[in-house]
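J.: Just passing along the structure, written as structure tokens.
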Amino acid sequence: MESFQFVVNGLMLGGIYAIVGAGFALVYGVMNVLNVAHGSFIMIGAYLTYWTVTLLGVDPFVTLPASAVALFAFGYLVQRTVISRVLHASIFMTFILTFGLDMFLINAGLVAWGGSYRAVRPSYADDVLIMGGLTIPYVRLVVLVAVVAVIALLLLFMSKTRLGIAIKATALEREAAQLAGVDVKQIDAITFGLSAALAGVAGGLLAVVLPFGPFMGVPLTGKAFTVAVLGGLGSMTGALYGGFVLAFAEIGGVIALGGEWADGIAFIILLVVLVLRPRGLLGKEFFAEVKV
Amino acid sequence: MLEARLSSFLREGQRLQVSAAAVGAVALAVVLLLLPNWLSGYWLRITTSVLMFATLAQAWNIITGFTGYPAFGNTAFFGVGAYALAILVTKAGLGIPAAIVLAGLAAAAFCAVIGLPILRLQGHYFAIATLALSLFVREAAANLGWLTNGAIGIVLPTLASGSPEEITRPYYYLMLLVLVACCACTWWVSVSRFGYGLRSIKADEDAAACFGINTTLSKLVAWVLSAFFTGLAGAVWALWITFIDPQSAFNLAIAVKFSVMALLGGLGTVAGPVLGALLVEVLTQAIWGAFYAVHLAVLGLAIMLIVLLMPGGLMQLLRDRLATAKRLLATPSAKESWR
């Protein structure tokens, strides 16, 4: 029974990490930008869901497509106005730039919504599914379904649509994609928007599961970083796997050694993976190229 | 004839430049030594903080600016230095000077042990590994209660009493000493054969190895030097702050701050990280004072603007300006030699 709970929680958390990490990895893969503000996009997504639910009284899961669209537009604009100006500078400079953006967004969140923690509670928040001695909250099941749906949609989009293939082509070989007629500047902005949209959806899902505040994004940026590295920096599918690896490692660490060592265990696993398999679990060599 | 006159003129100019630099250095040293007499307690604390961050940025510069290894997790050595000092002073009863030096050496030794496996990684993989290391050490400090008091933290004795100025003064001079030592070491790196080796590793590690540079040893020494000065700064910080716990000693915000400073100042230069620390710390204080409720947003915007306006860093900007000025000054004489 406990092991079943372990699997459900691991899949749910892993799915959210996967979505967060995939968006982060996409931006890195296409633009060679480490987006430190990724966690704050998640924060904005969480508040969008919170406010749509509170003001319109709709189901939180219905708000996800709307916040995805809103964050896509926001990410697109941020790339066009700010990020695109530093793509030719060193990677450290884009690191600092997005760090400044992160500070700005966190402060904007503090001013707009205050520092207190909030939670999204749909009417069925306390209902549980009882199945052969197992109790699973319905909310967690819906989150799990939503996570699977989002990942499936993302994979379909990346492999079946012309736009998705163009994004992959730009990530693999920018010049060649350009020669083949891809408008890489447009792809940059779309990728950044897509990454923000994924972050927004992840934020909406997290808002239903956990209480959140304006600073919620800071540790999540760290998780996105970890997940992307586990999967091989720049590889989106790798990041999807990395999300599940990290989630199960964290939850396993809590069960094996108690809550206080959980984070320590996750970091040690990360270190060991890095030292033994520097390209990540699935990363290919060219994904790991660093243009300093 | 003209050429000989020109070259002697240039030599004269060079000599003037060198003596001007020497005069400037002496003047700076006098000002820095006398500064605590003129500053209020508030500004003395900010200046001490500038010195600390300048040290951290400069130490980071050795491994990241010269060697090209982005060690964002240098906070691990800051925290190890702070904890080593706290444990040596409160549990082993050591004197302050010995404890500071030993704390720096502890951070260096820790770096030497974990450096070998981690330095096999490159680029972002190295960066994330150092981050993971620093987070792991924080968890370890929180959980090894018998040594570190865990999350409760360690309280340290104060060095001085009296007015705010008198309380801060010893830490100012200690921090200044650490910074001067760190800058001297960085200057040595910038002119020595060892430093050229590091730069060649940054440019192309395989090629450097082909030319007979022991890249593994060079990288390790560079990082150990960086860890030593970071640990010293952590030790003095622990004395200054008089209370440390895992959250404050292994605070990643410190890493973000010193890397921003070094990057804005200019990596791979000796003056850049110090200028960057001064700029960012003064900017932070000014913005904090003027826009309390939205100071984070304003600082964030300021950082974004600085990056957009000078993506090469302060030193690059100064060098470009200087080159333009020299070209403008040189133009008439160049015309003359054409005739």
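J.: Look through A:Met93, A:Met103 and report the one residue that is touching a Pro at 6+ places or on another chain (Cβ under 8 Å), closer than 30 Å to B:Leu267 by Cα and of a type outside the set (Val, Ile, Thr). Can you show your working first?
T.: Working: A:Met103 fails: touching a Pro at 6+ places or on another chain (Cβ under 8 Å).
Being touching a Pro at 6+ places or on another chain (Cβ under 8 Å), closer than 30 Å to B:Leu267 by Cα and of a type outside the set (Val, Ile, Thr) holds for just one of A:Met93, A:Met103, which is A:Met93.
J.: When the residues of region A:47-83 are narrowed to those that are in contact (Cβ under 8 Å) with a residue 40 or more places away in the chain and within 11 Å of chain B (Cβ to nearest Cβ), which ends up farthest from B:Val256 (Cα to Cα)?
T.: A:Val78
J.: Tell me, which helices (runs of 4 or more DSSP H) wholly within region B:216-315 include 1 or more residues that are open to solvent by less than 40 Å² (accessible area, probe 1.4 Å) and over 30 Å from A:Val86 (Cβ atoms)?
T.: Details: elements: B:246-249, B:252-265, B:272-290, B:295-309.
Ranges flagged: B:246-249.
J.: Take the residues in region A:91-112 that are of a type in the set (Gly, Ala, Ser) and open to solvent by less than 40 Å² (accessible area, probe 1.4 Å), then tell me which one is farthest from the other protein chains (Cβ to nearest Cβ).
T.: Filtering region A:91-112 for residues of a type in the set (Gly, Ala, Ser) gives A:100, A:108-109, A:112.
Right, trim to open to solvent by less than 40 Å² (accessible area, probe 1.4 Å) and you get A:100, A:109.
Numbers: A:Gly100: 3, A:Gly109: 10 Å.
Result: A:Gly109.
J.: Within region A:115-156, track down each residue that is in a loop (DSSP other than H, G, I, E, B), open to solvent by less than 70 Å² (accessible area, probe 1.4 Å), touching a Pro at 6+ places or on another chain (Cβ under 8 Å) and not aliphatic (A, V, I, L, M).
T.: Matches in region A:115-156: A:Gly115, A:Pro122.
J.: So which residues in region B:142-167 are at the interface with chain A (Cβ under 10 Å from one of its Cβ atoms) and under 27 Å from B:Leu225 (Cα atoms)?
T.: Residue satisfying the conditions is B:Ala142 alone.
J.: Right, next: For B:Tyr125, are the conditions met, namely being away from chain A (no Cβ under 14 Å), in a helix (DSSP H, G or I) and either touching a residue at least 12 places away in the same chain (Cβ under 8 Å) or not β-branched (Val, Ile, Thr) (or both)? Let's see the steps before the verdict.
T.: On the way: away from chain A (no Cβ under 14 Å): no; in a helix (DSSP H, G or I): yes; either touching a residue at least 12 places away in the same chain (Cβ under 8 Å) or not β-branched (Val, Ile, Thr) (or both): yes.
Here the answer is no, as B:Tyr125 does not meet what is asked.
J.: Ok, one more. Can you tell me which residue in region B:166-209 is nearest to the chain's Cα centre (by Cα), limited to those that are among the aromatic types (Phe, Trp, Tyr) and open to solvent by 10 Å² or more (accessible area, probe 1.4 Å)? Give the derivation first.
T.: Of the residues in region B:166-209, the ones among the aromatic types (Phe, Trp, Tyr) are B:171-173, B:187-188, B:194, B:196.
With the extra rule that they be open to solvent by 10 Å² or more (accessible area, probe 1.4 Å), the set shrinks to B:173, B:187-188, B:194, B:196.
On the way: B:Tyr173: 16, B:Trp187: 12, B:Trp188: 15, B:Phe194: 19, B:Tyr196: 20 Å.
My answer is B:Trp187.
J.: B:Tyr69 fails exactly one of the following numbered conditions: (1) closer than 16 Å to B:Phe126 by Cβ; (2) among the aromatic types (Phe, Trp, Tyr); (3) in a helix (DSSP H, G or I). What is the number of that condition?
T.: B:Tyr69 satisfies all of (1) closer than 16 Å to B:Phe126 by Cβ; (2) among the aromatic types (Phe, Trp, Tyr); (3) in a helix (DSSP H, G or I) except (3).
J.: If a residue has to be modelled with pLDDT under 90 and more than 20 Å from the chain's Cα centre (by Cα) to count, how many in region B:62-91 make the cut?
T.: Looking only at that region, the number is 1.
J.: Additional query: Please name all residue pairs, on different chains or six or more residues apart, with Cβ atoms under 7 Å, provided the first residue is in region B:92-119 and is in contact (Cβ under 8 Å) with a residue 60 or more places away in the chain and the second residue is open to solvent by less than 60 Å² (accessible area, probe 1.4 Å) and of a type in the set (S, T, N, Q).
T.: Once the first residue is in contact (Cβ under 8 Å) with a residue 60 or more places away in the chain and sits in region B:92-119, its partners that are open to solvent by less than 60 Å² (accessible area, probe 1.4 Å) and of a type in the set (S, T, N, Q) give B:Ala107/B:Thr230.
J.: Among the residues of region B:192-215, which ones are assigned to a helix (DSSP H, G or I) and charged (D, E, K, R)? Give the steps one after another, and end with the answer.
T.: Within region B:192-215, the subset assigned to a helix (DSSP H, G or I) is B:193-203, B:205-210, B:215.
Once the filter is applied, which keeps residues that are assigned to a helix (DSSP H, G or I) and charged (D, E, K, R), region B:192-215 yields B:Arg193, B:Arg199, B:Lys202, B:Glu205, B:Asp206.
J.: Okay, next question. If you go through region B:294-304 one residue at a time, how many are more than 23 Å from the chain's Cα centre (by Cα) and more than 7 Å from chain A (Cβ to nearest Cβ)?
T.: Looking only at that region, the number is 2.
J.: Can you tell me which residue within region B:307-334, out of those that are over 23 Å from the mean Cα position of the chain (by Cα) and of a type in the set (Val, Ile, Thr), is modelled with the highest pLDDT?
T.: B:Thr324
J.: Quick check on my filter: what residues within region B:46-62 are hydroxyl-bearing (Ser, Thr, Tyr) and open to solvent by 10 Å² or more (accessible area, probe 1.4 Å)? First the steps, then the outcome.
T.: Start the filter on region B:46-62 by keeping residues that are hydroxyl-bearing (Ser, Thr, Tyr), which leaves B:47-49, B:55.
Those that are hydroxyl-bearing (Ser, Thr, Tyr) and open to solvent by 10 Å² or more (accessible area, probe 1.4 Å): B:Thr47, B:Ser49.
J.: Just one of the numbered conditions (1) more than 14 Å from A:Ala199 (Cα to Cα); (2) outside any loop (DSSP other than H, G, I, E, B) is not true of A:Ala46; which one?
T.: (1)
The values are calculated or read from the model by the stated rules, or taken from the named source; none is laboratory data. Remember, predicted model here, so these are calculated numbers, not experimental data. Methodologically, a virtual Cβ is constructed for each residue, glycine included, from the backbone with ideal geometry; neighbour enumeration extends over all protein chains shown. Side chains included, ligands, DNA and RNA excluded: accessible areas come from the protein's heavy atoms. Shrake-Rupley method; radii C 1.70, N 1.55, O 1.52, S 1.80 Å.
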